[in-house]
Each structure stands twice: as C-alpha cells, then as structure tokens.
Amino acid sequence: MRRRGHEARPGTGQRIISIATMEAKPDRSAWLKGGTARCQVAPPVPTKPWRLVLLGAPGVGKGTQAELLSERLGTCHLSTGDVFRAAKSLNPAERTPALNAALDCMRRGELVPDAMVLNMVRERLGCLKCEGGFLLDGFPRTVAQAEALDGLLQAERLGLDAVLSYELPLERIVARLSGRRTCANCKAVYHVETRPPKMEGVCDHCGGKLYQREDDRPESIRVRMEAYARSTAPLADFYQRKDLLRQVSAEGSPEDICGRTLDVLNPKA
Ligand code: AP5
C-alpha cells in the first residue's frame, strides 16, 4: 500500500504530513526512541482513533495481533518491550545505571520496576495523545501502572475504548515462544513453523535480520509466566470492574483471532 509519510510532533501528539511518499510500515520512531524523535512514517489518521490495551500472557500473540490490528484500524502499535529492546542497541556510555538494571530484569524475565516504566511512558505522552489512537502492548502490566495510565489519559480527557484479553492454555503458549523470531530492525514477529518469513532469517517487511529473543530461553520463560500470574493477571479484574475487559480466544490462526477481535470491537446488531 502506498502511504504518505507523517511525523508525530513530540509533546503534542499531532502529526505533520511530510513531503516524502514511501512504501513502508509506520516506523514508530517517536515511541521507540522517545525524547524529541519524530515518526517519519505513520499511517493516515483513521476515521475512528481506537485507544486499546492488549492483555495476555507472554507469548499468547499480543504483538502479532497488534501488527494485524494496526493494519486494519490504522492505529500505532506501542510496545514497552520493544522500547526496552531498542535501548539495548544504545552505546553503553549512553545507558544510565537505571536502564542497565532494567535490561538485566528483562533478560531474567522479571518485570522492570514500575517507576522506570512509568518515566519511560511519560516521556512518550505525545504517542498517547496522537490523533491516530494507540494499541498498547505490554503496558500496563501491574495495577500501579494501570492506575497511572488512567491518570495520564484523564488529564488529557481521553479514555480507553476496550481492553482485549487474549487467552490460551499455557503449553500452547510455550510452543509459540520457543519458535518465535523477531526482526532486529522493524520488530515484526515470525514463528519458524506457523508464521515463517519468505526467506529464512530475513524480514519480509524491511529485509532486516531475524533473531531469537534472549528472554525466550526456558528459564526466562518460567520467570515471565510467574511474573504474569502474580502482577498482570489481576489487571483483568481491574478492567472488568470498569466494564472495559473483552475476552478473546487466542486459538487458531492470527487472522482468525484478528477477525474475532474486530467482531468484539464492532459487535453486529
Ligand atoms: P514484552 O515484549 O511485552 O513481552 P511479553 O509480554 O512477554 O510478550 P511477548 O512479546 O513475549 O509475546 P506476545 O504476546 O507479544 O506474542 P507474539 O505476538 O510475539 O516484554 C518483555 C519484557 O520487557 C518483560 O518480561 C519485562 O521484563 C519488560 N517489560 C515490558 N513492559 C513492561 C512493563 N509494562 N512493566 C514491567 N516490565 C516490562 O507471539 C509469540 C510467538 O507466537 C511468535 O513467534 C508468533 O509468530 C507466534 N504466534 C502468534 N500468534 C499465533 C497463532 N495464532 N498461531 C500460531 N503462532 C502464533
């Protein structure tokens, strides 16, 4: 699809149409780099700016669904895990001690402390205010983060449309994680058996190199599942009480699940 390039104006969430036209996925620079970074390629502003949170255990397929939903709804995929992984490629001199500690937590499969995550999200407030809406993946992950998100959105007079909770038995999730490959450049997600790239080891979208995440080793997967059960699963109740929770079965192909999600968002009368 041919798209016009846009920029997100940091701190305002507005987009500026740039002169260039190009064939590319939204680059999400404002989210991935933070600070004064601007998006060079963003989707056209959709008729409805959806503001959604994707919940579910590690590996259930949130990132995969976020990519598909982003194409269908024209809304940016904002993953906190992608921001931390992007920070890994910084020069060691550019990393603060707090960031190094966060990356160590991630390697072990533990959650990054709330204060660090919330600082990082506050620095990217422009993305939450973006007129294109957002698909939050991996944030919030604790009740404290969910309460902070509520505060940030209320201050901007914005609200969530829904919280999508993807569900699948644990043994199926572990099989998904162990075959996952991720693009080092555009972060697109593949699976060696169920969603292979056209050319082994190479991203279909940008030609970037595919790699296996450090936290997809069996010992880190176990720690991540425990952290999910302890800290993130209680968010289902939190959002149920606000009448925002929508449960979606994560069985079947990514396209089936995406279709189910769109049905949940746009129920037929
Ligand atoms: P994060 O990056 O958020 O990882 P996660 O929640 O563990 O989720 P994953 O990315 O592992 O899985 P996913 O559900 O997106 O599945 P995917 O689509 O890739 O967080 C990583 C770490 O960062 C955390 O552990 C923590 O340390 C830190 N962190 C991040 N945010 C934080 C926060 N807010 N607070 C504290 N710490 C934070 O799919 C998995 C595989 O399955 C892929 O190979 C895919 O191709 C395949 N697949 C997907 N769908 C299907 C399907 N329908 N059928 C078959 N295969 C499928």
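The values are calculated or read from the model by the stated rules, or taken from the named source; none is laboratory data. All values derive from a computational prediction rather than experimental measurement. Using ideal geometry, Cβ is built from the backbone for each residue, glycine included, and neighbour counts are taken over all protein chains shown. To get the accessible areas, we keep the full protein, side chains included, count just its heavy atoms, and leave off ligands, DNA and RNA. Shrake-Rupley method; radii C 1.70, N 1.55, O 1.52, S 1.80 Å.
With the simple model of a label 7 Å out from the Cα in the direction of the Cβ, Gln247 to Cys206 spans 3.7 nm. Counting only DSSP H runs of at least 4 residues, each contributing -39500 (n - 2.57), and dividing by the residue count of the chain, the helix-based mean residue ellipticity at 222 nm comes to -11000 deg cm²/dmol. Our coupling estimate for the stretch 57-71, obtained by passing each phi through the Karplus curve with A = 6.51, B = -1.76, C = 1.60 and θ = phi - 60°, is 4, x, x, 5, x, 4, x, 5, 5, 4, 5, 5, 5, 4, 5 Hz, Gly and Pro reported as x. Residues in the chain average 49 Å² of solvent-accessible surface per residue, probe 1.4 Å, ligands and nucleic acids excluded. Among the listed pairs Lys129/Lys209; Lys88/Lys209; Lys33/Lys62; Lys88/Lys242; Lys33/Lys187; Lys48/Lys88, those with a Cα-Cα distance over 24 Å are Lys129/Lys209; Lys88/Lys242; Lys48/Lys88. Can you tell me the FRET efficiency between Glu123 and Asn100 if r is taken as the Cβ-Cβ distance and R0 is 25 Å, rounded to the nearest 0.05? Calculated value: 0.90. Remark: the Arg72-Glu255 segment gains 64.8 nm on full extension, using 0.36 nm per residue and subtracting the alpha carbon distance.
Heavy-atom surface analysis with a 1.4 Å probe gives the stretch 151-269 a carbon and sulfur content of 51 percent of its accessible area.
Grab the beta carbon distance between Leu262 and Ala93, set R0 = 35 Å, and tell me the FRET efficiency rounded to 0.05. Plugging the Cβ-Cβ distance into 1/(1 + (r/R0)^6) gives 0.15. Ligands, DNA and RNA excluded, the heavy atoms of Cys206 present near 60 Å² of accessible surface to a 1.4 Å solvent probe. The string of couplings for the stretch 94-99 from the Karplus curve (6.51, -1.76, 1.60, θ = phi - 60°) is 8, 8, 6, x, 5, 5 Hz, one whole number per residue in order, with x for Gly and Pro. If you sort Met120, Met199 by accessible surface, 1.4 Å probe, largest first, the order is Met199, Met120. Multiplying the residue separation of Ala144 and Leu158 by 0.36 nm and subtracting their alpha-carbon distance yields 3.2 nm. Calculated on C-alpha atoms, the gyration radius of the chain divided by its Kirkwood radius gives an Rg/Rh of 0.93. The GluC sites (Glu not before Pro) of the stretch 198-232 meeting both criteria, a DSSP state outside H, G, I, E and B (loop) and at most 11 other C-beta atoms within 10 angstrom of the site's C-beta, are Glu200. Derived scalar couplings between HN and Hα for the stretch 72-87 equal 6, 9, x, 10, 6, 8, 10, 10, 5, x, 4, 5, 5, 5, 5, 5 Hz in order, rounded to whole Hz, by the Karplus curve 6.51 cos²θ - 1.76 cosθ + 1.60 (θ = phi - 60°), x for Gly and Pro. Simple spin-label estimate for Asp237 and Val223 gives 2.7 nm between the two label positions (7 Å along the Cα-to-Cβ direction from each Cα). Database remark: amide H of His191 closer than 5 angstrom to the amide H of Arg181 (H placed geometrically; neighbours at sequence offset of 5 or more, or on other chains; Pro and chain starts carry no H). With a cut-off of 15 Å between beta carbons, the residues surrounding Ala233 carry a summed charge of +2, where Lys and Arg count +1 and Asp and Glu -1.
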